[in-house]
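Shown next, in structure tokens, is the structure this report addresses.
The values are calculated or read from the model by the stated rules, or taken from the named source; none is laboratory data. What you see is a predicted model; the values in this text were computed from it and never measured. All Cβ positions, even for glycine, are placed from backbone atoms using ideal geometry, and neighbour counts span all protein chains on display. Heads up: the accessible areas ignore ligands, DNA and RNA and are worked out on the full protein's heavy atoms, side chains in. Shrake-Rupley method; radii C 1.70, N 1.55, O 1.52, S 1.80 Å.
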Amino acid sequence: MQSNRQQDLENKRKAWISEARALIPLLFIWGAEWVFSALVDIAIYWLDLDWLKQAAFITAVVASLIQVWSLRKDFHAEDEKQGLPDRSGWGHPALLLLPGAMLIAAVALLQAIGAIGPLFTPVLRAFILAIGFVQVGLLLGRPLIYLGLWLFALSAMMGMWYLGYSAVVLEGMGGISLIVCGYMLRVWGR
């Protein structure tokens, strides 16, 4: 009985990983954007490169939209190949992006209305990313939980003692964490 339950969980985990593999390009896109933003934050002390951060963000949004659009086409083609009727959108794998998009919009709104100061925005973003890693790790595997716990501890430490450096460190480490997560999903999906 216990063996069947573990085998069922392992089969579900493999199915979830194969579904999550479609999101790997998004992890790489946003990981690269975060790392690039951290590098621009370092260079901003010498040059006025604020426009470059905005251009990188817009590029990442456009690349993400293109990726989501191609995912949508792939899923519709797969459904037609299997003879499945057109879905209403409930349960579509692209909807996995909706909570993340809502969190990003919430942080952007809080920043726009001045509810969070510019020093606390990177800490909040890193906390949200860490919680997301832990939540996804509960389904896909312990290494993602450990990655989330590590990022949570780093965010807490940066928020308490090194707030001035938090933008550079947390954006850089958050971006590297996203890239590592994408790499782990790629390796697990083989």
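Taking the condition in contact with a Phe, Trp or Tyr (Cβ under 6 Å, 6 or more places away or on another chain), touching a residue at least 24 places away in the same chain (Cβ under 8 Å) and in a helix (DSSP H, G or I), does Ile17 pass?
Answer is yes for this residue.
Restricting the search to segment 138-170, which residues are more than 19 Å from Glu10 (Cα to Cα) and either polar (S, T, N, Q) or in contact (Cβ under 8 Å) with a residue 40 or more places away in the chain (or both)?
Ser155, Leu163, Gly164, Ser166, Ala167, Val168, Val169, Leu170
Under 9 Å between Cβ atoms, at least 6 apart or on separate chains: pull out the pairs that start in segment 42-57 with a residue that is in contact (Cβ under 8 Å) with a residue 40 or more places away in the chain and over 19 Å from Gly31 (Cα atoms) and end on any residue that is surrounded by 13 or more Cβ atoms within 10 Å (Cβ to Cβ) and aromatic (Phe, Trp, Tyr).
none
Just a yes or no: is a residue in segment 17-37 at pLDDT below 90 and either of a type in the set (Asp, Glu) or under 24 Å from Val123 (Cβ atoms) (or both)?
yes
Confirm whether Leu97 is open to solvent by 60 Å² or more (accessible area, probe 1.4 Å) and modelled with pLDDT under 85.
No: the conditions fail for Leu97.
Which residues, taken from segment 139-158, are assigned to a helix (DSSP H, G or I) and either open to solvent by 70 Å² or more (accessible area, probe 1.4 Å) or modelled with pLDDT under 90 (or both)?
Leu139, Leu140, Arg142, Tyr146, Leu149, Trp150, Phe152, Met157
Looking at (1) at pLDDT below 85; (2) out of contact with any helix residue (DSSP H, G or I) (no Cβ under 8 Å at 6 or more places or on another chain); (3) assigned to a helix (DSSP H, G or I), which is the one condition that is false for Gly91?
Tallying (1) at pLDDT below 85; (2) out of contact with any helix residue (DSSP H, G or I) (no Cβ under 8 Å at 6 or more places or on another chain); (3) assigned to a helix (DSSP H, G or I), Gly91 fails exactly one: (3).
Within segment 111-125, which residues are touching an Asp or Glu at 6+ places or on another chain (Cβ under 9 Å) and more than 14 Å from Met157 (Cα to Cα)?
Matches in segment 111-125: Arg125 only.
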